[in-house]
Amino acid sequence: MGNSVIVRRLGLLAVLALCVVLLALVPYLPSYYVRVADSILIYIILAVGLNLVVGYAGLLDLGFIAFYAVGAYAYALLASGQFDIHLPFIVVLFIGAAAGAIAGVLLGFPVLKLRGDYLAIVTLSFGEIIRIAINNADELTNGPQGIAGLDRASLFGLPLTSPVHFYWLLLVLTVIVCAGVYYMERSILGKAWRALREDQDVVRGLGINTTTLKLLAFALSAAIGGAGGVIFGAFQRFVSPESFTFQESLLVVLIIIIGGVGNIVGVIAGAVVLVILPEILHFAAQYRLLIYGVVLVTVIVLRPGGLVSPRFNLGFIIRKVRTLWLSPSKT
Amino acid sequence: MALALENVSKHFGSLVAIRNLSLSFDVGSIYSIIGPNGAGKSTVVNMIAGSYSVTSGTIRLGATALNRLPKHRIAQLGVSRTYQNLRLFDGMTVLENLEVCFFPQSWLTFLTGAKRLSKAERLDICHACLAEFHLSDVADVLAGDLPYGRQKILELARAFVTQAPIVLLDEPAAGLNHTETKDMAAMIAGLKREDRAIILVEHDMDMVMSISDRIDVLNYGELLCSGTPDLVRTNERVQEAYLGTTEELDDIRKLAQSRRAQGGLRANAGIVRH
């Protein structure tokens, strides 16, 4: 074993240690930074979820935030004084995910035959329909006033009250979601989705039911969105239709496009950039959309594939680490 | 198992692409469907595979009527195909292009894992297939990065990897050069098996004549002639359909001679050469 291998291994250890230390240090920062970190993690979860549909299956969904709303309102209705139902957080988390999945299939069915622009238009409308429905269902949702005073969440007896608590919860959930999606990406299901993105007719010609395949993508992606929504509800302890506008859907799509379509590492990078950017440019809040536009155009012109190269994905990193550790001679 | 077309017709609006066609394909042989452009060859393939609906008549695989089934069901029953224009999954590796064929075919198998190949079994089959088609060295290369000839072979491999009893090959030699075409012909001939029918639509006559057990000639959507390569080669109606009648040929010759006699024109100008 040569010196260079030891140096490379130490370097790798240093990078990993740095990541862990940085993530572990976040809770000691002032509350504002922890909130930003929470926000980043929520958007990572949402974007990784949406990426199943947009990045892998190649179906442009512009109404993703509707599933997030479904999850958030699931918590608002099932864990608040609204109907005096007080289910535990963990139960609502699963209910929210299931409700999201059902909403995903409900959206999936009518749009099965649509592709490209038409699909984008219908999903966009779906997102708006959900928001407007919530806005008008006064008896159920209090309409535009929203539902306030949601239950303080707790998980296995541990209270989830401060941004720091949610930081840990979100961090764990982000890792679970990323690992789950990475596993799916590598499985035959992920391969079938990528094939679907390339040529739907040929996929059918191979004996694969593309209806099932698409609905599965919509359902899984929406379930992740729903779970994210439940956490959002528990975190804010207040929900109103305003949080689920088309802009939010657009932001999640932008995270994917700017980070790198179909690439978990890219999506993480995209979420970090697009959440931090408006915070840094706080003084120019009214120009937020303009800034997004400029960033999007710049990225598309300079790096059409997204900030992170498609080759630099989770699989690449895992392979790199594994070969360096198990058989360094090959690297 | 046998595939049978029974009085099949296909209309595109007022155009009759296939008229009352009856054909039967048994496993164990290689069949070729030939005919001039527009004769309806690809239409037949697309109807069998379920890409086109049938206007009237029935297509049967064994006892099952295929023509009311969705395309993926037809494929699941054992009909696989290649396409006239290459249709690989370009952004996926060569190996992945084959792996996708083993996606679980129903919710039940997907959820329970029953009758489902394990990942190792799946990979074994795919690697064996790659070896058979001389693609092992490029297993991890993106399909879109392969040279054209090897992409054609990969598409062939994808049609055979699941051991489908009926394999439809839509112009496997299109775009290949002379040597590649000969290799392709040898490869297809080598894929003939007792439990498999290979149905070829092809323009390259050398290939068709050398590997087919039976040739079906279509003209204007009707069966002109059907039989062994020798029989088809000498059939006058086939020659007419392809080359025109002898009178027409004579006319062309006369025209050419008169032009030549006029001088000023190059000797072969205006002649349709075959």
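What follows is calculated from the coordinates using simple rules that are stated; it is not laboratory data. Since this is a predicted model, take the numbers as computed values, not measurements. Backbone-built Cβ (ideal geometry, glycine too); neighbour counts: all protein chains shown.
For the Cα atoms of chain B, what angle does the longest principal axis make with the long axis of helix B:246-262, in degrees from 0 to 90, nearest 10? Roughly 60 degrees, rounded to the nearest 10.
If you take the beta carbon distance between A:Thr211 and B:Gln257 as r and set R0 to 51 Å, what does 1/(1 + (r/R0)^6) give as a FRET efficiency, to the nearest 0.05? Display every interim value, and only then the final one.
On the way: r = 64 Å, r/R0 = 1.26.
FRET efficiency, A:Thr211 to B:Gln257: 0.20.
Note: relative contact order over chain A, using C-alpha pairs below 8 Å and six or more positions apart, is 30 percent.
Averaging the sequence gap over all C-alpha pairs within less than 8 Å and six or more residues apart, then dividing by the number of residues, gives chain B a relative contact order of 24 percent.
Distances between placed amide hydrogens fall under 5 Å for A:Ser154 paired with A:Phe89, A:Leu160, all partners being 5 or more residues away or on another chain.
For a protection proxy built on the mean count of beta-carbon atoms within 10 angstrom, sort B:42-53, A:271-282 highest first, please. Mind dumping the intermediate values first?
Values: B:42-53: 20.8, A:271-282: 16.1.
In descending order of packing, they fall as B:42-53, A:271-282.
Between A:Leu29 and A:Phe312, 0.36 nm times their residue separation minus their Cα-Cα distance comes to what?
Details: separation 283, 0.36 × 283 = 101.88 nm, distance 3.01 nm.
Using 0.36 nm per residue and subtracting the Cα-Cα distance, I get 98.9 nm.
Size descriptors for chain B, from the alpha-carbon set: Rg then Dmax equal 21.5, 81 Å. Dividing the Cα radius of gyration by the Kirkwood radius, what Rg/Rh value follows for segment B:133-172? Computed over Cα atoms, the ratio is 0.98. Compared with the alpha-carbon gap, the fully stretched path from B:Glu6 to B:Ala128 is longer by 40.2 nm at 0.36 nm per residue. Helical content of chain B, expressed as a calculated mean residue ellipticity at 222 nm, amounts to -11000 deg cm²/dmol (DSSP H runs of 4 or more residues, -39,500 (n - 2.57) each, divided by residue number, nearest 500). Pairs of Cα atoms nearer than 8 Å and 6+ residues apart set the relative contact order; for segment B:1-97 it is 28 percent. Cross-link reach is defined here as a Cα-Cα straight distance under 16 Å, omitting same-chain residues fewer than 8 places apart; for B:Lys119 the aspartates and glutamates meeting it are A:Glu185, B:Glu96, B:Glu99. Relative to the longest principal axis of the C-alpha atoms of chain B, give the angle of the C-alpha long axis of helix B:119-132, reported between 0 and 90° and rounded to the nearest 10°. Roughly 30 degrees, rounded to the nearest 10. Pairs of C-alpha atoms in the protein assembly as shown farther apart than 45 Å represent 35 percent of all such pairs.
Straight-line reach from B:Lys10: which lysines have a Cα under 18 Å away, not including same-chain ones fewer than 8 places off? Partners within reach: B:Lys41, B:Lys71. Taking every residue in B:62-73 and counting other chain Cβ atoms within 10 Å of its Cβ, the average works out to 2.
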